[in-house]
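The values are calculated or read from the model by the stated rules, or taken from the named source; none is laboratory data. None of these values were measured; they are calculated from a predicted model. Note that we place each Cβ from the backbone using ideal geometry, even for glycine, and neighbour counts take in every protein chain shown.
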Protein chains: 6
Amino acid sequence: MKILVVNPNTTVSMTTKIAAAARAVARPDTEIIATNSQNGPASIQGFLDVAKCVPGLLEEVGRHPDADAIVIACFDDTGLDAVRTLVSVPVLGIGEAAYHAASMVANKFSVITTLSRSVPGIENNLMRYGLAQKCAGVRATDIPVLKLEEGDPATLFKIRSEIREAIHQDNAEAIVLGCAGMADLMAQLSEEFGLPVIDGVAAGVTFAEALVNNRLTTSKIGAYSAD
Amino acid sequence: MKILVVNPNTTVSMTTKIAAAARAVARPDTEIIATNSQNGPASIQGFLDVAKCVPGLLEEVGRHPDADAIVIACFDDTGLDAVRTLVSVPVLGIGEAAYHAASMVANKFSVITTLSRSVPGIENNLMRYGLAQKCAGVRATDIPVLKLEEGDPATLFKIRSEIREAIHQDNAEAIVLGCAGMADLMAQLSEEFGLPVIDGVAAGVTFAEALVNNRLTTSKIGAYSAD
Amino acid sequence: MKILVVNPNTTVSMTTKIAAAARAVARPDTEIIATNSQNGPASIQGFLDVAKCVPGLLEEVGRHPDADAIVIACFDDTGLDAVRTLVSVPVLGIGEAAYHAASMVANKFSVITTLSRSVPGIENNLMRYGLAQKCAGVRATDIPVLKLEEGDPATLFKIRSEIREAIHQDNAEAIVLGCAGMADLMAQLSEEFGLPVIDGVAAGVTFAEALVNNRLTTSKIGAYSAD
Amino acid sequence: MKILVVNPNTTVSMTTKIAAAARAVARPDTEIIATNSQNGPASIQGFLDVAKCVPGLLEEVGRHPDADAIVIACFDDTGLDAVRTLVSVPVLGIGEAAYHAASMVANKFSVITTLSRSVPGIENNLMRYGLAQKCAGVRATDIPVLKLEEGDPATLFKIRSEIREAIHQDNAEAIVLGCAGMADLMAQLSEEFGLPVIDGVAAGVTFAEALVNNRLTTSKIGAYSAD
Amino acid sequence: MKILVVNPNTTVSMTTKIAAAARAVARPDTEIIATNSQNGPASIQGFLDVAKCVPGLLEEVGRHPDADAIVIACFDDTGLDAVRTLVSVPVLGIGEAAYHAASMVANKFSVITTLSRSVPGIENNLMRYGLAQKCAGVRATDIPVLKLEEGDPATLFKIRSEIREAIHQDNAEAIVLGCAGMADLMAQLSEEFGLPVIDGVAAGVTFAEALVNNRLTTSKIGAYSAD
Amino acid sequence: MKILVVNPNTTVSMTTKIAAAARAVARPDTEIIATNSQNGPASIQGFLDVAKCVPGLLEEVGRHPDADAIVIACFDDTGLDAVRTLVSVPVLGIGEAAYHAASMVANKFSVITTLSRSVPGIENNLMRYGLAQKCAGVRATDIPVLKLEEGDPATLFKIRSEIREAIHQDNAEAIVLGCAGMADLMAQLSEEFGLPVIDGVAAGVTFAEALVNNRLTTSKIGAYSAD
């Protein structure tokens, strides 16, 4: 099966990271098509960026009509409803996938994201998906997405410190790392803190495989009907 | 990987059906160990049956320490919290898995289950998982579980009629078939009504594969800690 | 003061109607700048249209930097968060304004909108604004937006019939007419059914005046911060 | 139009302040009738004071049958349901108006009120109006209402300190000043902290103007029906 | 122990009925002091009546300082917060008591009350107490309180019909009879319909006895603090 | 009347304490039958213990068919739904009873329990009963149940410290002591901290008396129907 993993921003280095994270969990017979929007913001932080990314995202999705499932590889689940209306195959946002995965392995989870400005959008998504009640807290490291790319020690220090707070203050039992660029930290932090640390790209790809294997497609009755 | 699919009641014919549904979606390299409790009720309808099934379920789970993931194949997610506390591998109830799958392919779903008496338990689970707000309604056919086994036309007529009501009255965009014995009807009804019809066994097995591929395990901090 | 009333679709005849509804309630010293997106869908029904309208909407807003407040004249509150992030002046969606107005004059209100497909978006907005609990129901007439323009008797018959149902089935105490094109029906239906019938354009314009008179601006701390 | 602004307590100096705040935002052609209950408590703090103020409030409202709208100028929205049942014109509580205004200019707001004892009543109102989810916290300064009148520096220091906490601890994006006597601080604090600071009297008067301009009246079907 | 059962309206014949219902369940060593407000409305239907009854209720409560517990014998729990602030002994509304009792013997209950106009107040109380989620519906017979007194066959017919609907439409498992005047019907209807039918006066008196035996008093920290 | 008070664990010394707490509040003509499961865990902490206790609990309940009401004397309300399905008499969990009692004497209460691991089960119960919104927080002392038995000063110190936090941090107005073994501390702590401190055994026994005096039985329609 072919899974389209679309990064809705235009930063190719981030797409490369996302592609690696996707391929690391995909089944041998799953083809990962990792791509990004051709036009739009270089990173997505806040509501204006989200809105500006959607047209490029829809275009990019339109270029891959043979995908069996689509993963939107931005943690704010950019344009999820619009893409579901555009296509018939299953569509998952990586934030959405991560929250569902976390709900399956823990009673409560916390989300660690980049900027404070992204928190309200994430909280709205959680409320919308019904999973707000499983979320013990959404915490911001206040490290910009593109800086995260560079992987300097101060960044890691801040992430570790927020995980510690999530465990001790929020009573989080699992951590969702709330940015596509954080994928490679997952295994390391999970072992270090002794609890599930969830990466949305991995969750998105494996759940997309699952939905395709269930022969499920996006419902075209009601909210996502085509016209 | 090995996935233990446990039917918490003692009806072997139902376990056979569940095993077939599980194997139909599992990856070639996934080994499905389908089994059932050795002691306890023949079917599970209502809170007393649920309680009586749990000891047999825990024993059966204990017999398979090499499982990489566990699927509890009863729609009321019998003993889910207890099994999660007992083991470290991922554990999914088929009701839980079906609700998550439905939330990924539709804005709202309805559940069609067997007896009215099972409805409150399902509603409690939905509230607990946070997914009650995605559920447009839980409907009962009032056909006992074991009768469903026999597959007579009146049974099918009643299920079809409830799906129709769910679509037109509840505005359901997907249907969750709320009983392990209904698995073989899925594809047929999905095509007939033109919307996703979700079987919990299939959803449970494929999501279990996904969680294992994510290297996720049940959190042992907090709710499910071992002692 | 200058209030920018933006129709996010490109149908000029609808903008004309919206302008008239806006001017009918605006204070003598309020200048209504009624305009519409230059590019994008001719009407907005469902999530894909919403997404496609946002870039044109943002551009149009950018053309009017001297507006003291902005009213987004589409009932699904297209791009509300993005526009709030773009500017500092108060921004209101006409759906949002109508729900707030209805909450001030009735214990419960029902919404009558056009297509069934628009219902989930409206329900999500209500949940997001916190006002879902004041809403007794969202009902669709299944009359397309542009047909509504033509004002034929069958359309009116259907709207009346839904209002009647809202009163008797939902126990609605006020009606929100959920489409910018319905503005001119307000007074007539209010008198006929003896309860408040609320038009979002009128509510949006008068609340925008109120916010400006309060010297309130969109908060730039948190969700809507500029960068 | 005539707007009756009723202070439900009997402290005339507070009515004078309220009148000034009301007139500061009212349109030139709006006549503000500022008055207070003739009998009842001198200030309202807690449920017993609220109950004791209602008869005097209803009497005072009855003395002004020509009002086009009514604003109840106590932050706990004393007797709001009763006054809505008594009259047909729009009725707004200043707490209610402030929460609606805050919801229009910020994603989350915090409330700063006087005594801890007033907090539960405010929280109940927020839950009732549906706006609890937009409220990041209700904080008490523990300065009695009448002391607030005197405007000493310690009072201002405590209010500033609570605003700071609301921003940094609750992630509040706007502040509602929860007492009619605080009206004159609004502009000053808004500039100082760089976020909207909302006064209920101003919000109430301008929203009342808006409702009257919409020709909306209190629904007489259901909750507020006359007999 | 002495339990003050106060009817907050002034209709003595209703007080007599309430007294009988209270004494029928009270322990031999419990003294029931049944009384009513000396001033105020003859019956309570809607928010205006509620407000007008509170002063008389507070006065009447003040006349009985030796009561060990207080039951407010009106189904809308008139003035509950104010009375709790006035005294230190336990205070129960008969609506409140009935909802708690129903929650202890059934998974979901429906409420049958008199006029439609009373429904919103009851729904608000249920939300406030947290018990709205246990309530399957609030139904009105549209029989005025005082007519209920007369006990004519048409009244009984309507109540029976609403109970039947509550069972079959709402899936109610217990019925709360939502008016003090309905007390004598309880046993009869319970047997007839084969499910618990709960009278608030009986529930209120027995729970008051329970709280006194637990040596519990109304908390004077926070919401109900004296001044 | 006969009230069966069942300790679902097998620790007889705890049953003795529970029996004393029950008899201390029971009416002279109430016979308390205090007993415990014959098989199962020695204490209940976490979901696995809960599940393992249920069969022994059901057996023990079955040995006392003449009980007029049943109190399940474990704070996590072990097997409550199953016991309600097994019998027709009223059944109360001591957690459940305590939350209802606390809701009647305070606007908000906090729960102090033993181990952190028990917190999620308690939070789930509160959500299920609808009373989560009345609960200001669930706090763990992290003292194992059986250690509590011994009553050493360090234990008391920790409980006192958590009560203090509950009052000052959570704004709790009442305290629920979340373990059957804590019953004898109630009066002492209540006086010391000046607020209601509620013991579930006492609340359970007195509410069971109340339900029996109301002639209420567990509904056999719906959730708890026998077969």
Original post:
Could you list, in sequence order, the residues of segment E:199-213 that are touching a helix residue (DSSP H, G or I) at 6+ places or on another chain (Cβ under 7 Å) and buried (at least 24 other Cβ atoms within 10 Å of the Cβ)?
Top reply: E:Asp199, E:Gly200, E:Val201, E:Ala202, E:Ala203, E:Gly204, E:Val205, E:Thr206, E:Phe207, E:Glu209, E:Ala210, E:Leu211
Original post:
How many residues, within segment D:199-218, are within 7 Å of chain C (Cβ to nearest Cβ) and touching a residue at least 24 places away in the same chain (Cβ under 8 Å)?
Top reply: 9
Original post:
Hey, any hits in segment A:48-63 for a residue that's outside any helix (DSSP H, G or I) and modelled with pLDDT of 95 or more?
Top reply: yes
Original post:
Among all residue pairs at least 6 apart or on different chains, which show Cβ distances below 6 Å where the first residue, located in segment E:70-95, is on the phi > 0 side of the Ramachandran plot and the second is part of a strand (DSSP E or B) and surrounded by 24 or more Cβ atoms within 10 Å (Cβ to Cβ)?
Top reply: E:Asp77/E:Gly93
Original post:
Got at least one residue in segment E:118-126 being over 19 Å from D:Thr85 (Cα atoms) and touching a helix residue (DSSP H, G or I) at 6+ places or on another chain (Cβ under 7 Å)?
Top reply: yes
Subject >> Residue selected from segment B:41-75 under the condition of a type in the set (Gly, Ala, Ser) and more than 19 Å from F:Gly121 (Cα to Cα), by the criterion surrounded by the most Cβ atoms within 10 Å (Cβ to Cβ) >> reply: B:Ala73
Original post:
With B:Ile221, B:Ile175 as the choices, which residue is in contact with a Leu (Cβ under 7 Å, 6 or more places away or on another chain) and more than 8 Å from every other protein chain (Cβ to nearest Cβ)?
Top reply: B:Ile175
Subject >> Which listed residue is more than 25 Å from D:Tyr129 (Cβ to Cβ) and either facing another protein chain (nearest Cβ under 10 Å) or among the polar types (S, T, N, Q) (or both), from D:Arg84, D:Arg27, D:Arg23 >> reply: D:Arg27
**OP:** State which residue is farthest from D:Val212 (Cα to Cα) when the search covers only segment C:1-32 and only residues that are part of a loop (DSSP other than H, G, I, E, B) and within 15 Å of the chain's Cα centre (by Cα).
**Re:** C:Asn9
Original post:
Going by the conditions given, is D:Phe193 on the phi < 0 side of the Ramachandran plot and in the same structural domain as D:Val89 (by TED's automatic domain parsing)?
Top reply: no
**OP:** Answer yes if at least one residue in segment D:211-226 is modelled with pLDDT of 90 or more and under 18 Å from the mean Cα position of the chain (by Cα), and no otherwise.
**Re:** yes
Original post:
If only one of F:Phe75, F:Phe47 is in contact with a Ser or Thr (Cβ under 6 Å, 6 or more places away or on another chain) and not basic (Lys, Arg), which one is it?
Top reply: F:Phe47
Original post:
Does segment C:76-83 contain at least one residue that is outside the structural domain of C:Leu185 (by TED's automatic domain parsing) and either surrounded by fewer than 22 Cβ atoms within 10 Å (Cβ to Cβ) or closer than 24 Å to C:Ser190 by Cα (or both)?
Top reply: yes
Subject >> Single residue of B:Val83, B:Val71 found to be part of a strand (DSSP E or B) and touching a Leu at 6+ places or on another chain (Cβ under 9 Å) >> reply: B:Val71
Subject >> Subset tally (residues that are more than 7 Å from chain C (Cβ to nearest Cβ) and either within 15 Å of D:Gly178 (Cα to Cα) or assigned to a helix (DSSP H, G or I) (or both)) for segment D:90-131 >> reply: 28
Original post:
Counting only residues that are more than 16 Å from the chain's Cα centre (by Cα) and either part of a strand (DSSP E or B) or among the polar types (S, T, N, Q) (or both), which one in segment C:132-144 is nearest to the other protein chains (Cβ to nearest Cβ)?
Top reply: C:Gln133
**OP:** Could you look through segment D:178-198, keep only residues that are at the interface with another protein chain (Cβ under 9 Å from one of its Cβ atoms) and assigned to a loop (DSSP other than H, G, I, E, B), and pick out the one that is surrounded by the most Cβ atoms within 10 Å (Cβ to Cβ)?
**Re:** D:Pro196
